[in-house]
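What follows is calculated from the coordinates using simple rules that are stated; it is not laboratory data. All values derive from a computational prediction rather than experimental measurement. Because the Cβ atoms are built from the backbone with ideal geometry, glycine has one as well, and the counts that use them run over all protein chains shown.
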Amino acid sequence: ETLINRIAAGEVIHRPASALKELLENCLDAGATSIRVTVKDGGLKLLQIQDNGCGIRRADLPILAERFTTSKLTSFSDLSKIATYGFRGEALASMSHVSHLSVVTKTKTETCAWKASYSYGKLVETQPGQTPDPKPCAGNDGTTITIEDLFYNTPTRLSALRSPAEEYSRILDVLTKYAIHNPGVAFICKKAGTAAPDLSTPSSSSTTQAIGMLYGHSIAKELLSTETSSSTEPDTAEFWRAEVHFTNANYQSKKTIFLLFINHRLVESSRMKRALEATYNGVLPKGSFPFIYLSLVLDPRSVDVNVHPTKKEVHFLNEEAISEQIADALLQTLTSKGQ
Ligand code: ADP
Ligand code: MG
């Protein structure tokens, strides 16, 4: 059995916002402190993301969009770790199959930037009549990835999407959540051809400041925070720690806003959501719901690596006990300081 066979099956890009999530994670993995997103037609005509991260080496460009190309994959023994963090080398490959993908990138040591275009996993010419090889060009350190005409060759997928306005709001939602989880990174998102960004966060604010900036003062002024962790040593498979920011009894919303990051990836867990919502029973009036942000760091070995990437729900070892302990910590803070 080869390494490739053991990696979870092909990743599917469902909609512009899921492409953006993959691209964002790549920028953050590259150490970017500034990320600018430009969107046309809800990301269907154009989805462009520019970062100031480490860049991609010229030598790596020919295979960049081939499946299982990942600079984050080093050895077989790291597979569980890498798969957990989403390093499967499938995102750019998938995108090259359902869009026109191009890359302009420069590492600190290159003297110029390089531009390359891809289709179906392979380099293609950037302009008619040229060779497919990467072309030297002007550019800053970092990477700009441009996705054009997403789903141009998959009409069924295209027809399953909502309006460009709805797709754009999903893009903003993903960006907002990553901006809260990465307060040290400056994010900008705008529609192509407009001057004013729809989202703009400066770097170096704290998580709670970022929540206030992006979700509003009515949430920020009612925020409580707590941290809790396993009693085991770091580096054991059972180790975990959690940081939670959540509203007190004064904040009442018609639906729960729940942001869950596991190992710095935005994921969903309906079990975790239910467990944390339940702590508000008797604290909030019936029909009122909280805002909860949870960042959970688990040992990569305890997250189920066999869950297909397109499945939204994540599962991990001792899920129930961990949920319970976090809910307890939340309840304790709520009842001691929340009233
Ligand atoms: P993965 O993230 O699983 O490694 P991707 O298909 O998302 O796979 O990306 C493939 C590779 O391309 C990455 O491993 C990385 O080396 C490189 N890469 C992609 N985006 C960027 C970026 N914004 N900055 C630097 N390198 C990048
Ligand atoms: Mg990736």
Want the number for SER225 to ASP141: 0.36 nm per residue separation, take away the alpha-carbon distance, what's left? 26.5 nm
Just need the relative contact order of region 157-314 here, percent rounded to a whole number, with Cα pairs under 8 Å and 6+ apart. 19 percent
Order of TYR293, TYR168 - criterion: other Cβ atoms within 10 Å of each residue's Cβ, fewest first: TYR168, TYR293
To the nearest Å, what is the center-to-center distance of region 178-244 and region 109-124, using C-alpha atoms only? 33 Å
Testing the spin-label approximation: label points 7 Å from Cα along Cα→Cβ at LYS40 and PHE68. State their distance in nm. 3.6 nm
Hey, rough spin-label estimate for GLU110 and GLN332, points 7 angstrom out along Cα→Cβ, what's it come to in nanometres? 5.1 nm
Which residue, LEU259, LEU294, LEU317, tops the fluctuation ranking in a GNM of the chain built on C-alpha contacts under 10 Å? LEU317
Spin-label pair ASP235/ALA165, simplified geometry with 7 Å Cα→Cβ offset, distance in nm: 5.6 nm
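Among ARG301, ARG162, what is the fewest-to-most ranking by other Cβ atoms within 10 Å? Mind showing how you got there, number by number?
Values: ARG301 15, ARG162 12.
Sorted ascending by nearby Cβ count, the order is ARG162, ARG301.
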